[in-house]
Structure formats: structure tokens, C-alpha cells
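Down below is the structure, laid out as C-alpha cells.
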Amino acid sequence: MIDQAITTTIALDARTLFVVSSCVTALLGMLLLVAWRHDRVPALGWWGAAYLVGAFAVCLWAIGASITILPTSLPAAVLFVACGMTWNAARIFHNRPVLWPAMLAGTAIWLGACTLPAFPTAGASRFILASVIIALYSFLTAAELWRERRRSLIGRPALFAPALHGMVFLFPIAVASLVPEQSGLITLATAWLAVFILEMLLYAVGTAFLVLELAKERTLRAHKSAALTDPLTGLFNRRGLIEAARELAEKHARKAGKPVAMLAFDLDHFKSVNDRFGHALGDDVIKLFAATANSSLRLTDFVVRLGGEEFAAIMPGTLEDGMVVAERIRAAFESAGRTVSGRYVGATVSVGVASHETATNIDALLGRADAALYAAKANGRNRVEAEMPMVDLLQTSEQEPAAEELTLPGLADWPSHPRLPAEEMDRRAA
């Protein structure tokens, strides 16, 4: 009986497929809206709303035959709004603005074409225009998701899903162009209707889960960035310094064969600045130095805030390269720190520079730069000092002078003292 049931031909009713697609799409839309309320990712809210609008359009298609008062162009017009919302939801993923005219352009073109007398209520022209509008919005969505490809492995299948969706809608047009009869396209579209509905259902389900994964990765990246970033300056913190050192070691130092330079900064008399002008202006001084240091470095360099008024920078280069960059930052901040927030402050910075062949031991390299920084502060502040060369006292190159042979002098060599007279000796003894 099971074999007979398997071999029995199953006819897919279009109205049933419409109802199933509408219910599934609406359920996915509510799922995305719940995820939006939980994660507060605006793109999820837009995508969920687009799914609900699309489910409403499919529902209008399903009941359109029984309700004759509805315009025949209304379901497709609502569906095109959903397609435009999906495209703008992909734009919001990258903090790009919503393009309202472009989002509604497909619906406007469709409604304008339906008012033309030469545009029939059913025919090849309606099918071609609808397929082109859906495919165009699908390709635009794929182009927006293309921006995610370098930051996420999920971005690649999310890119191909809307692109494949658009090609499915364009495929019947390309095939029907080979059919010589005028009714070839209409016949093919009718046979392709079940495929359209099933493909739209699979596309809706697959894209919903891909979007949820994209939002999850975006949230994780945001949390990781917050853990590695100083909230006041927007620079990396101490944990970010380790990540920057690892990236520098992998991408620059090892490939180019260059050493790594570490720069340690400390704002001079910063406690006095807070005492004289208040902590608000002290924060402005910190932000000013962060902006000055960041603008004075190359794209391959990293500057971080270690805490308080202490900063550090890591860059590929020798000790001499680090000294040049450090002096450039010191001079730039001395000029910029004269006046902060309209008040004369005269802020300066002391810098210590160290260098090593690799960035593997970041703590030791930072400690050596700190030692040079202490020397800069001890020598008057507002200056740059390089680390002292590491000298091994147990392996000095210079020979110590040989010890001279000691000899005891003879009695004749001792200096002679005059002897006292006997009478004086007896007097002192008494």
C-alpha cells in the first residue's frame, strides 16, 4: 500500500500552495519581529515586517478569485512593497539609509502600467513586468549582502539566496523567448506557477534563518568590539592591544621581515589638569590626544588606551622608525594641547620607545617601552626617550684589569720614626 501511495501522482493545487505559503511567511515574519525585540537589530524588524506584508499579498492572491471587488493589480502591488522592504532591510544591515522612493518604485511602476489601456488584465506583458520587478529587487538585495562577504561566512550563502531567487523569476522569460507561439509564455508561466510558489516558500524559510545568523554574528562582533574598545576615545584597550599585536605579527612583521616598535605615552601632569580645570576638561584632553595620535599614525599602526592618561602604540618598524613617529606625535600634541575647549591648558606628553624582532611577547616589549617612558619623565617630560641597550654584565667585552701581585714590605722598607729620649720615655711611663 505504501508503494502504491508513493507511485500515485500528487496534484499540487495552486490555491492550497498559496495558503500554505501565506501562513509560513507570516509565521517567519513574527519570528523575525520577536528576534528584533530581543536583539534590537533594526534590520530584523524591517525583514519581519516585509515578510508580513508579503504574506498579506499572497493571502490576497488566494482569496482574489472569490472577492471580485478587489482590483486584480492589488496583490502584486503589495508584494512589490514587500520586495522593496526586504532590499532596504539588507541596506540597514550596513547602517545605510532607507530609500523610500526606490522602495516604492516597483509598486508605482506596476500600478501605472495597470492603468494603461494596452496593458491587459492577464497576459505575457503582466507576467514579464512582475518577474522583472521581483528579480530586480532580489539582485539589489544580493548586492547589499555582498558587503557582508568579507566579515562573515554566513554572508556568502545569504548573498547567493536572493541572487538565485531573482534568476528563478527570469528563467521562464528566457525560455519562453524560444517558443514561437504567442501563447508560449502564458503556457509556460501557468506550468511554472507551482514551481514559483514552492521556490518562494523555500526562499522565505532559508533567508529568514540566514538573516538570523547574520544578526547573531553582528551582535557578537559588536560585543567583542565593545570588550576591546575604550568607550571614551574609541581606541583599543589593553585587550585590544594584544589583538592588534597578533594581527601585526601575522600580517606585517613576519611577512615583511621587519621588527616591531612599541611606543608608551603618558600625559604630563594630568592630575594637575584635572585639579585645575575639572574632570570634564580632562576627558577632553584625553580625547584630543587620542585623535592626535590616531591621525599621526599609518593604517598599519595601532594606538590603544591602557587606562587613565596612559596610552601605547604598536607599529612595524625599527627603533629609529618608532622614534620618528613618537616625536611627530609629541610635537603635534604639544601644538594641539595648548588650548583645549577654549581654555589654555598647555598639555604635553612624554614618550618611551622600544623595539624587538617580533611582537610575540607583548608584555615584555611594553615593559621596556615603559622603562624608556620613565626616563623621559625623569629627564624633564615632554620628550621622547629610547630604551637603553640591554647589557649583560656577565658577558662584558672589555677585560677587567688584572689584580696586581701583593708583596709585604720588609722591615727596612717601613718608614722610620725618631726615637724619644730615655728621660721622656720614663716620664711618660710614670
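The values are calculated or read from the model by the stated rules, or taken from the named source; none is laboratory data. All values reported here derive from a predicted model rather than from experimental measurement. Because the Cβ atoms are built from the backbone with ideal geometry, glycine has one as well, and the counts that use them run over all protein chains shown. Each accessible area value is taken on the protein alone, full model and side chains, heavy atoms only, with ligands, DNA and RNA left out. Shrake-Rupley method; radii C 1.70, N 1.55, O 1.52, S 1.80 Å.
Measuring spread by the Cα atoms of segment 306-360 yields a radius of gyration and Dmax of 13.7, 44 Å.
Applying 1/(1 + (r/R0)^6) with r as the Cβ-Cβ distance of SER125 and LEU31 and R0 = 45 angstrom yields a FRET efficiency of 0.75. Ranked from largest to smallest solvent-accessible area, with a 1.4 Å probe on the protein heavy atoms, MET200, MET167, MET388 come out as MET388, MET167, MET200.
Approximating the spin labels as points 7 Å out from Cα along Cα→Cβ, the SER225-to-LEU111 distance works out to 3.8 nm. The listed peptides 47-58, 205-216, 229-240, ordered by packing as a protection proxy, come out as 47-58, 205-216, 229-240 (highest mean of other Cβ atoms within 10 Å first). Packing order of peptides 290-297, 90-97, highest average first: 290-297, 90-97 (average count of other Cβ atoms within 10 Å over each peptide's residues).
With θ taken as phi - 60° and the Karplus curve 6.51 cos²θ - 1.76 cosθ + 1.60 applied, the whole-hertz 3J(HN,Hα) list for segment 88-95 is 5, 4, 5, 5, 5, 4, 10, 6 Hz, x standing for glycine and proline. Amide H contacts of SER355 (H built 1.01 Å from N, in plane; Pro and chain starts excluded): MET262 sit under 5 Å, all sequence-distant by 5 or more or on other chains.
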